[in-house]
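Below: the structure, in structure tokens.
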Amino acid sequence: MPERDIARVVAAMDARLVRMPPERSAQRLFLETYRRTTLAVGAAIADAQFEDPEWVERWDVVFADLYLDALDLDLAGSPDVPRPWRLAFDAPESLPALRHVLLGINAHINYDLPQALLAVISDAEFADPVVVARRARDHERIDGVLSGRVAAEDDELGVVSARSLLDRVLQPLNRLSSKRFLREARQKVWHNTVELQQARVAGAQEYAARLAELEVLSAARIADLLAPGQVLLRLAVAGFGVTLPPAARGASPRTNG
């Protein structure tokens, strides 16, 4: 079986859009948004915007598959959906379109992205400062791709969701804030990836404990976004990302509390 690439990921997204139940309009909205973003990443790879385009594609595929796996579990009614995604998927359909997209982005970036990075950066590569620096720079370049999509995606959401007068007044601020949140989240994601990698080196039990911490933190941030009010204004205070606290090194096995 050939290795998956971005074209196959987009095809997998298309297949899920076809079979998405009509009552899941919010999940369809996020999937459509993610599909357009994935195509934008693919175009950036083709335009040689990254130092290691093959690595970026592998990473993007792993990243997308984590979301698709969570979506498939939810569509199948499985109890094993990760908590951040469970909260995002179960959000009321009556929420504004922007809120649904932010819930999905938040779950995906905070919980899935560190795992995706870890899956495509080996322990040997983490020990090589030249390789790690190259990976970090390509990680930063993704910001440019995503930031370039903010205005277009905001316009897409405006088509499918009625906006209040306050929403329209805040639109320019919201677009600027979204770009800042992406930068902030990227920095925290890299920190969390390093924390998870150190746990991976320490052993399976340590890694499972740290990943569980990340799941709890990510779910708590989703819960924050579900509270009533202007979500982007609240994010300006609380921030978009989550940060794993430093682990107690040398504790074996790891203890919590």
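Numbers at a glance
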{"quantity": "Test: residue in segment 51-68 that is part of a loop (DSSP other than H, G, I, E, B) and out of contact with any Ser or Thr (no Cβ under 8 Å at 6 or more places or on another chain)", "calculated": "yes"}
{"quantity": "Hits in segment 37-52 (condition: of a type in the set (D, E) and surrounded by 13 or more Cβ atoms within 10 Å (Cβ to Cβ))", "calculated": "E51, D52"}
{"quantity": "Helices (runs of 4 or more DSSP H) (entirely within segment 75-131) containing at least 3 residues that are at pLDDT 95 or above and either in contact with a Leu (Cβ under 8 Å, 6 or more places away or on another chain) or not charged (D, E, K, R) (or both)", "calculated": "83-89, 113-120"}
{"quantity": "Filter result for F63 (closer than 28 Å to A97 by Cβ and either surrounded by 14 or more Cβ atoms within 10 Å (Cβ to Cβ) or modelled with pLDDT under 95 (or both))", "calculated": "yes"}
{"quantity": "Tally, over segment 1-36, of residues that are surrounded by fewer than 17 Cβ atoms within 10 Å (Cβ to Cβ) and polar (S, T, N, Q)", "calculated": "1"}
{"quantity": "Residues located in segment 217-257, provided they are in contact with a Lys or Arg (Cβ under 7 Å, 6 or more places away or on another chain), among the hydrophobic types (A, V, I, L, M, F, W, C) and at pLDDT 90 or above", "calculated": "A219, V242, L244"}
{"quantity": "Any pair with Cβ under 7 angstrom, 6 or more apart, that starts in segment 111-125 at a residue that is under 21 Å from V242 (Cα atoms) and ends at one that is of a type in the set (D, E)", "calculated": "Y111/E215"}
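A quick yes/no check of all residues on (1) of a type outside the set (A, V, I, L, M); (2) over 23 Å from V120 (Cα atoms); (3) modelled with pLDDT of 55 or more:
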| site | (1), (2), (3) |
| --- | --- |
| V159 | no, yes, no |
| R168 | yes, yes, no |
| Q171 | yes, yes, no |
| N174 | yes, yes, no |
| A202 | no, no, yes |
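The values are calculated or read from the model by the stated rules, or taken from the named source; none is laboratory data. In this text the structure is predicted, and so the values were computed from the model without any measurement. All Cβ positions, glycine included, derive from the backbone under ideal geometry; neighbour counts span all protein chains shown.
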